[in-house]
Amino acid sequence: MSKATFATVWLDGCSGCHMSFLDIDEFLLDLADKIELVYSPLVDNKDFPEMVEVTLVEGAVSNADDYEKIQYIRQHTRTLISLGDCAVTGNVPSMRNPFFVDEVIDRAYNENVTINPQVPHIGVPELRPWVVPVHTIVPVDVYVPGCPPSAALIKHVLTELLEGRKPDLSDIARFG
Amino acid sequence: MSFKTFKIDDMDLSAAEDDTILQVAREHDIFIPTLCFLEGLSPVGACRLCLVEIKGSSKLVPACVTQVQEGMEVLTNSERLQKYRRMVIEMLFSEGNHICAVCVSNGHCDLQYLAQRLGVDHNELPYLHQQKPVDASHYRFAIDHNRCVLCTRCVRVCDEIEGAHTWDVMSHGIDSQVITDLMQPWGDSETCTSCGKCIQVCPTGALFKKSKAVAEMVKEHEFLPYLKTMRETK
Ligand code: SF4
Ligand code: SF4
Ligand code: FES
C-alpha cells in the first residue's frame, strides 16, 4: 500500500499545535506506517511537493510570506486543515489588529528597547495590516479549533482522514 | 389556573398557561440554547439564541419570553434555527474580541460552550477588531468590554436582586455598552455595594475578579435560584 502524503506548515503561531501533534506519542509509530511526511518544520525538505494529500496549517496569515505560502500550498494540497485557533480565528496574533502596523513595530523595536533600537528590514517578510484566519485567504476543508487542539483531537482527525472520512469536529472541539 | 396542551418537537405536552416554551422544554430535557436568560432573573429576550419555530408561522419566537398556547406546535432544532443560532454566535465573536486562549473564563464560559455545542468551528463573518475599554478601577473587580455580549444579566441582577442598579446600558446598536452609574469609572460608583453578584451571573469573561488569571474565573450561576427560593420561603 502506498503511503498517504502529509505536510504541516507553520505560519503565525507559537508552534504549540506542532507540539500537540508530537504529543500523540505511540500513535506516531502507527502513523509512520501509513503516511509520509513530505514537508514540515519537522523534516528537512525545503520545497513543497507538487501535490500533497493532506496539509495541516498552524498559525494565522500575518505577513507577506504567510500570504504567498498559503496560496501556493492550497494549490498543491487536496485536503487543507486549519489546525488550532490561530489558523481558525487569528487568535493571539490577531490581538495586534486594533492597532496600526507602524504602531506595533514602533512599540516592539523602538519604544521598549533601550540599547540601539532598530527595525529589522533584511530577510524578514513585511507584516500585513491585519492578521487573518487562513480561510479568509484560501478555502479550508476542515477546521480544528483549540489552543492548542489536544493530542487526542489531532489523533481523531488523522484517524478519520486515513479512513477516508471527513472529520466532523463541530461539537467535540472548542476554541481556547 | 388553566392548562394548555401543545407539542414540542412532536412530543405531546401540557403545562400551565403562563409557562414559557423554554420552561416546559427544560422540564422535559429538550435543549434550547440560551445566553441572556438566567433562572432567577426576569427574562428579556435580548440574545435571540433561544429562537424556536412555531408551525404555521414564518416568524421565529424567543422561547424564553413566549408563553405556550393551546394547540401550538413548536420546533426547537430545525436546520433553519441551527443556522440562525450559529450566525448569532458568529456575530458575537465578530463584534467582540474573544481570544479564548488568554481569557479568564477559558473553559468555563457560556459563549464558548454554546459555540461548541452549536457547531461553530470557525467564523464566516469578518472580525471587526474593535478596541473596547477595560475598566479596572474597582478595587476587587474589573470589566473587559471586549468580552461583553450585552446580555444584561449584570444589569438585572444588580437591579432585581441586589437592589443597587449600578449597571445599565448606554447607546444603541454597535455602540451599546454596559455602564456603571452615569458612566463613571466603576471604582467611583456610589451605588455599587461590591457584592459581586454581577461577576457571578456574567456568562463570559467580561466581568471578573481581579485575582483571577487565564481560565481561573469559574462562575457560580446557581446561587440565584437558591437566593430566590430562600427569600420567597422566608
Ligand atoms: S468570554 Fe468566553 S468566548 Fe469570549 S474569549 Fe472568554 S472564554 Fe472565549
Ligand atoms: S458584562 Fe457580562 S453580564 Fe453584563 S451584559 Fe456584558 S456579558 Fe452580560
Ligand atoms: S435566552 Fe431567549 S432571547 Fe436570550
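The values are calculated or read from the model by the stated rules, or taken from the named source; none is laboratory data. Predicted model only: the values in this text are computed from it and were never measured. Cβ: placed from backbone, ideal geometry, glycine included. Neighbour counts: every protein chain shown.
One table, with the values for the structure above:
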quantity	calculated
Yes/no for B:Ser171 being within 16 Å of ligand 3 (Cβ to nearest atom), under 16 Å from B:Pro133 (Cα atoms) and either surrounded by 15 or more Cβ atoms within 10 Å (Cβ to Cβ) or away from chain A (no Cβ under 14 Å) (or both)	no
Every pair of residues 6+ apart whose Cβ atoms lie under 8 Å, when the first sits in the range A:101-118 and is exposed (fewer than 12 other Cβ atoms within 10 Å of the Cβ) while the second is hydrophobic (A, V, I, L, M, F, W, C)	A:Asn110/A:Val119
Out of B:Gln112, B:Gln130, sole residue that is at the interface with another protein chain (Cβ under 9 Å from one of its Cβ atoms) and at pLDDT 95 or above	B:Gln112
Top-ranked residue of the range A:93-133 - restricted to ones that are under 24 Å from B:Cys100 (Cβ atoms) and among the polar types (S, T, N, Q), ranked as nearest to the other protein chains (Cβ to nearest Cβ)	A:Asn97
Contacts under 8 angstrom Cβ, first residue in the range A:157-176 being within 14 Å of chain B (Cβ to nearest Cβ), partner of a type in the set (Asp, Glu) and more than 16 Å from ligand 2 (Cβ to nearest atom), 6 or more apart	A:Lys166/A:Asp141; A:Lys166/A:Glu160; A:Pro167/A:Glu160; A:Leu169/B:Asp121; A:Ser170/B:Asp121; A:Ala173/B:Asp121; A:Phe175/A:Asp85; A:Gly176/A:Asp85
Residue check for B:Thr180: over 21 Å from B:Cys64 (Cα atoms) and of a type in the set (S, T, N, Q)	yes
Considering residues of the range B:141-158 that are outside any helix (DSSP H, G or I) and within 9 Å of ligand 2 (Cβ to nearest atom) only, the residue nearest to A:Met95 (Cα to Cα)	B:Asp144
